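Data first, discussion second: the structure below is written as structure tokens.
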Amino acid sequence: MVRLNPEEELTCSFERKKVEYVDHTGRFKKEGENYTKQFASIYVKRLEELSEILKGKVFAKWGHTVNLIPLSELEEQDGKKCAIIGTLYKHQPNKPSILQELSEEHQMSAPVIKADYCSSEDQVFLEDQTSRIKLTGDKVNIKELVTGVVCAIIGSENAKSTFEVEDWCYPGFLVPTSLSRPPSTGKIVFLSGLELSTTPPNLPLDLFIDWVGGLAGYSDMQEDQASVVRVVIAGNSIKGCADQHTSKGLVSGRAEDAAAAKDLADGTQRLDSFLYTLGQNCCVTFLPGQFDVTTLMMPQQAMHPASFPKAKRLKSVKGVVNPWIGKVSESIIIGTSGQPIQDIQKVCGLDTFSAIEWLEKSLEWRHLCPTAPDTIACMPFYQSDPFIMRMCPDIYFVGNMDKFETKLVEGEKGHKIRLVCIPKFAHTQTAVIVDLENLDATPISFGAE
């Protein structure tokens, strides 16, 4: 590659590409904060909507002669083969329980924190609005099944009044509304897990700012940087974990609270400065994370703009909800800050599947957050389940992962979807750049190695 001489380098300038941006997260705000409803409604709406999709899938997979029945009619089949549509429920004694926490509140020793909820006592059931039945058989791998997933099963009821599963059927990948839309242009940079309240100012983050701003490298590299149309920051920008106060003393407890509050304020101020600097050079979308200053329940609302007095003055900086759905150029991008995949790993064990494999499975389930509200706190939606996928993504990402992973999957109609696991920047000093034109995903490191 031919490089310009130093004088030509100094006079060379590139204009950053500009593309269309549309936010599609309005459905996460439609019902407002209504806490008077029961959580059962979200399961009912989830089952109602996905059942209609599954009926066609069932007949396509198992033939139109299959006996598809509601769960309430299972006893009338006298052990004959049939198919049922329902929602999975995984009974796990190790799952968090508020009743158990209250009963153990006055114990002297703290409960042992487990890496996951799995045990030999786990059981899986299929349920609908009327009843539930336990699932058994060689095709039932308990560690691979997740509460909240709507699916169809085929098999028969045995003498033990459990359902012997022979095969499974899931909603499957969505199909884009248009397979002949214009190609996208530009590149998107994904960043996650900055953890600014606990990570001191460092060179990798400064290098990232310079790189996005076109202040790093030769002219050919700067021309490539000008093709970055948006930076997406996927959560835990302020904090990466909950504060753990081990001391119970009054004075020391107050001191720890004061120190934690100061760290939080410093992290928020640093994020404000970071967003302001970044936003002067590029469009920025930032999602809240599990430990950021926003609502705990999913969908997490955007961090309040008043927390960022400098960044809020820029139209190029936009705080959004978690999960986030957006259109950049002609590409649909969907992702979360990590909680759904992290929770699935706790429910099923850390060694069952990798994060990228769970991400692909959630595409097959057509659901962003199946374990909500069972083990992830969420709003008690009652008119619909907003976490159901209704748009086919071109890029589907998850933030705050331990390492970078990516995979290109193909749907039934040949459309391609780029899956991306974004690593924690505070631990790996790594961002991910995705080309919207060909969906190539590349990690880019700003660390020493």
Identify, from the list GLY172, GLY155, the residue that is part of a loop (DSSP other than H, G, I, E, B) and within 17 Å of GLY86 (Cα to Cα). GLY172
Mind listing just one residue for me: the one in the range 362-388 that is farther than 20 Å from PHE291 by Cα and surrounded by fewer than 19 Cβ atoms within 10 Å (Cβ to Cβ) and, of those, modelled with the highest pLDDT? GLU364
Residues of the range 70-95 classified as farther than 24 Å from HIS367 by Cβ, touching a strand residue (DSSP E or B) at 6+ places or on another chain (Cβ under 9 Å) and not polar (S, T, N, Q), total: 8
Identify all residues within the range 44-58 that are more than 14 Å from ARG366 (Cα to Cα) and open to solvent by less than 60 Å² (accessible area, probe 1.4 Å); write none if there are none. VAL44, GLY56, VAL58
Kindly provide the set of residues from the range 1-37 that are assigned to a loop (DSSP other than H, G, I, E, B) and modelled with pLDDT of 75 or more, ordered by number. LYS18, VAL19, GLU20, HIS24, THR25
Residue list for the range 174-191, filter: touching a His at 6+ places or on another chain (Cβ under 8 Å) and either modelled with pLDDT of 90 or more or open to solvent by 30 Å² or more (accessible area, probe 1.4 Å) (or both): VAL175, LEU179
Unique match (being touching a residue at least 40 places away in the same chain (Cβ under 8 Å), surrounded by fewer than 17 Cβ atoms within 10 Å (Cβ to Cβ) and among the aliphatic types (A, V, I, L, M)) among LEU145, LEU207, LEU194: LEU207
Looking at the range 267-280, I want the residues that are under 10 Å from MET303 (Cβ atoms) and touching a residue at least 12 places away in the same chain (Cβ under 8 Å) and have a partner that is small (Gly, Ala, Ser) and surrounded by fewer than 20 Cβ atoms within 10 Å (Cβ to Cβ) with Cβ atoms under 6 Å, at least 6 apart or on another chain. Which pairs are those? THR268/SER307
Filter the range 293-328 down to residues that are at pLDDT below 90 and either in contact with a Ser or Thr (Cβ under 6 Å, 6 or more places away or on another chain) or among the aromatic types (Phe, Trp, Tyr) (or both), then give me how many there are. 0
When the residues of the range 49-86 are narrowed to those that are assigned to a helix (DSSP H, G or I), of a type in the set (S, T, N, Q) and over 32 Å from the mean Cα position of the chain (by Cα), which ends up farthest from VAL150 (Cα to Cα)? GLN77
Considering residues of the range 117-133 that are closer than 26 Å to GLU73 by Cα and of a type in the set (S, T, N, Q) only, the residue most open to solvent (accessible area, probe 1.4 Å): GLN129
Please identify the pairs in which a residue from the range 373-400 that is touching a residue at least 12 places away in the same chain (Cβ under 8 Å) and over 26 Å from SER237 (Cα atoms) has its Cβ atom under 7 Å from the Cβ atom of a residue that is open to solvent by 10 Å² or more (accessible area, probe 1.4 Å) and assigned to a strand (DSSP E or B), counting only partners at least 6 apart or on another chain. MET391/ILE332; CYS392/ILE332
Just wondering, is there one or more residues in the range 397-411 that are farther than 22 Å from LEU194 by Cα and among the basic types (Lys, Arg)? yes
Output the residues belonging to the range 408-449 that are touching a Cys at 6+ places or on another chain (Cβ under 9 Å) and part of a strand (DSSP E or B). ILE417, VAL432
Within the range 416-424, is even one residue at pLDDT 95 or above and of a type in the set (Lys, Arg)? yes
What are the pairs with Cβ atoms under 8 angstrom where one residue, in the range 156-167, is open to solvent by 50 Å² or more (accessible area, probe 1.4 Å) and the other, located anywhere, is part of a loop (DSSP other than H, G, I, E, B) and of a type in the set (Val, Ile, Thr)? Sequence gap at least six, or different chains. none
Reported set for the range 389-426 where residues are closer than 15 Å to SER362 by Cβ, among the small types (Gly, Ala, Ser) and buried (at least 20 other Cβ atoms within 10 Å of the Cβ) is GLY399
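The values are calculated or read from the model by the stated rules, or taken from the named source; none is laboratory data. Note that the coordinates shown come from a computational prediction; the quantities given were computed from them, not determined experimentally. Note that each Cβ is placed from the backbone with ideal geometry, even for glycine, and that neighbours are counted across all protein chains shown. For the accessible areas, the whole protein counts, side chains as well, though only heavy atoms, and no ligand, DNA or RNA atoms are used. Shrake-Rupley method; radii C 1.70, N 1.55, O 1.52, S 1.80 Å.
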